[in-house]
Structure formats: structure tokens, C-alpha cells
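Let me begin by handing over the structure; questions about it come next.
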Amino acid sequence: MNTALILIDVQQSFRHRPYFQPEAVPPFLARTNALIDGCASRGIPIVRVYHVDAADEPGNPFAIASGHVRPLDGLAEFEPAAQFHKTRHSALVANGLPVWLHQHGINRLIVAGIRTEQCCETTTRHASDEGYEVDYVAEATLTFDMRHLDGSLLPRSDIVARTTAVLKDRFATICSVEQALERAHR
């Protein structure tokens, strides 16, 4: 089975959002960098996907003009097999990634990146619906605390737990970094 790592939105833009939680980044980077290093050493192609907003203004951290649409500080350096920009939640919409995956015979995706419940989950569901086998590496995803409708805190750990519960065995196999790397060579 041909596998690719889809690294979603691991970009400096998030550091410029009011909800950003810098204390969440080191464990995320440790696991994500281990995944990147493992894929690179095994010859698994790594596809970089950046989120880009339509308003290309310097004050918008998700605009090319801002200079923040670049790797998150601390992310391991690697040469991507391909790189795409997206303007939607799914990395598989309107950017050429599905064509690239098809041309390279990829039928299994390892999903990692930012945000756990947003672009990573949406891409996972979309990929599953398109027939890909998906390994979702929750420990190599990052999200931030949110607020319930009543204003009470929804901790990021609860968001990750909810996301993995709804994806597990329906849309993806929930894997550790090591499990995803092992499964890539079956």
C-alpha cells in the first residue's frame, strides 16, 4: 500500500491568533518531528499543506503577504514531496492534492497537523469518503482550548478525545507515531 504523510497547516500563522497556546506546542512538535523524521527515513512522501485566506493583506496571518504562511518555528526541516495551499477545511479541496495523490498511487494517508478537530478531522473524513485508508495521528495534531456556548471552558484535551472517538474505526485508524510508521510498510 502506498502511503503519504499529509502535514496540514503546521504554520507560523497560528502564533498570531488570540487563542494560540504556546505551552501546547513543544509536545506537539516533538511528536510531529518524530513522525516527519520517521517518514523521511523510510522514504514515505511528506506533503505540506498550508491554509491561506482569501484576503491577502499583511495584517491577516493566514495571508501570503503576512509572511506567516511558513513552517511553524521548531518544525523539523524536510523537503516536501509536494506542497499545496488550501482555502477550505479539507486539504483535499480545490488545490491539486487529489490529483497528486492519484498520480503517485497513494491509497493510504497519515494525517497530522493543526487543528485537531478542524482541518485535520475534516481532511480525515473527506479522505475516508474518497476511499483512502487513513491513519490519524492525534499526538501529532494540535488544537487549542475553546469555549462552550455557555462560556465554560472546553479544554484541548477534551477536543482531542472527542475527535479521536468520532473518527476511530469509522473514518480512520487512530495511531501513535510509531504505529503509523509501522502500518505504512504493511
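Quick check: is even one residue across region 100-109 among the polar types (S, T, N, Q) and free of Cβ contacts under 8 Å to residues at least 12 places away in the same chain? Even if it seems obvious, please write down each step before you answer.
Applying the first criterion (among the polar types (S, T, N, Q)) to region 100-109 yields 103, 107.
From the residues that got through so far, the ones that are free of Cβ contacts under 8 Å to residues at least 12 places away in the same chain too are 103.
Scanning region 100-109 turns up at least one residue that is among the polar types (S, T, N, Q) and free of Cβ contacts under 8 Å to residues at least 12 places away in the same chain.
Go through the residues of region 59-75 one by one and say whether even a single one is under 22 Å from THR163 (Cα atoms) and of a type in the set (Val, Ile, Thr). Break it down stepwise before answering.
Start the filter on region 59-75 by keeping residues that are under 22 Å from THR163 (Cα atoms), which leaves none.
Scanning region 59-75 turns up no residue that is under 22 Å from THR163 (Cα atoms) and of a type in the set (Val, Ile, Thr).
Can you list the strands (runs of 3 or more DSSP E) lying wholly within region 22-115 that have 1 or more residues being modelled with pLDDT of 95 or more and closer than 15 Å to THR141 by Cα? Let's see the steps before the verdict.
On the way: elements: 46-51, 82-86, 108-114.
The qualifying strands (runs of 3 or more DSSP E) are 46-51, 108-114.
Continuing with this model, one more query. Given the conditions (1) surrounded by fewer than 19 Cβ atoms within 10 Å (Cβ to Cβ); (2) in contact with a Cys (Cβ under 6 Å, 6 or more places away or on another chain); (3) aliphatic (A, V, I, L, M), report the number of the one that VAL111 does not fulfil.
(1)
Further question: Go through (1) of a type outside the set (Gly, Ala, Ser); (2) part of a helix (DSSP H, G or I); (3) more than 20 Å from PRO98 (Cα to Cα) one by one and return the number of the condition THR141 breaks.
Failing condition for THR141: (2).
Name the single residue that is nearest to GLU182 (Cα to Cα) among those in region 7-21 being part of a loop (DSSP other than H, G, I, E, B) and touching a Phe, Trp or Tyr at 6+ places or on another chain (Cβ under 7 Å). Before the answer, list the steps.
Let us first name the residues in region 7-21 that are part of a loop (DSSP other than H, G, I, E, B), namely 9-10, 17-21.
Cutting the leftovers down to touching a Phe, Trp or Tyr at 6+ places or on another chain (Cβ under 7 Å) gives us 9, 19-21.
Values: ASP9: 24, TYR19: 34, PHE20: 32, GLN21: 31 Å.
The selected residue is ASP9.
Additional query: Among the residues of region 93-138, count how many are over 19 Å from ARG170 (Cα atoms) and not basic (Lys, Arg).
Initially, region 93-138 is screened for residues over 19 Å from ARG170 (Cα atoms), giving 93-106, 113-115.
From the residues that got through so far, the ones that are not basic (Lys, Arg) too are 93-106, 113-114.
Number satisfying all stated conditions: 16.
Could you identify the single residue in ARG186, ARG162, ARG170, ARG125 that is assigned to a loop (DSSP other than H, G, I, E, B), at pLDDT 95 or above and more than 25 Å from ILE64 (Cα to Cα)?
Details: ARG186 fails: at pLDDT 95 or above; ARG162 fails: assigned to a loop (DSSP other than H, G, I, E, B); ARG125 fails: assigned to a loop (DSSP other than H, G, I, E, B).
Only one candidate qualifies: ARG170.
Out of all the residues in region 85-105, which are touching a strand residue (DSSP E or B) at 6+ places or on another chain (Cβ under 8 Å) and buried (at least 20 other Cβ atoms within 10 Å of the Cβ)?
Going through region 85-105, the residues touching a strand residue (DSSP E or B) at 6+ places or on another chain (Cβ under 8 Å) turn out to be 85-87, 91, 93-97, 100-101, 104.
Selection gives LYS86, ALA91, LEU97, LEU101.
Select from region 124-150 the residues that are in contact (Cβ under 8 Å) with a residue 40 or more places away in the chain, over 13 Å from VAL10 (Cβ atoms) and hydroxyl-bearing (Ser, Thr, Tyr) and list them in ascending order.
Scanning region 124-150 gives THR124, SER128.
The values are calculated or read from the model by the stated rules, or taken from the named source; none is laboratory data. In this text the structure is predicted, and so the values were computed from the model without any measurement. We place every Cβ from the backbone using ideal geometry, glycine too, and count neighbours over all the protein chains shown.
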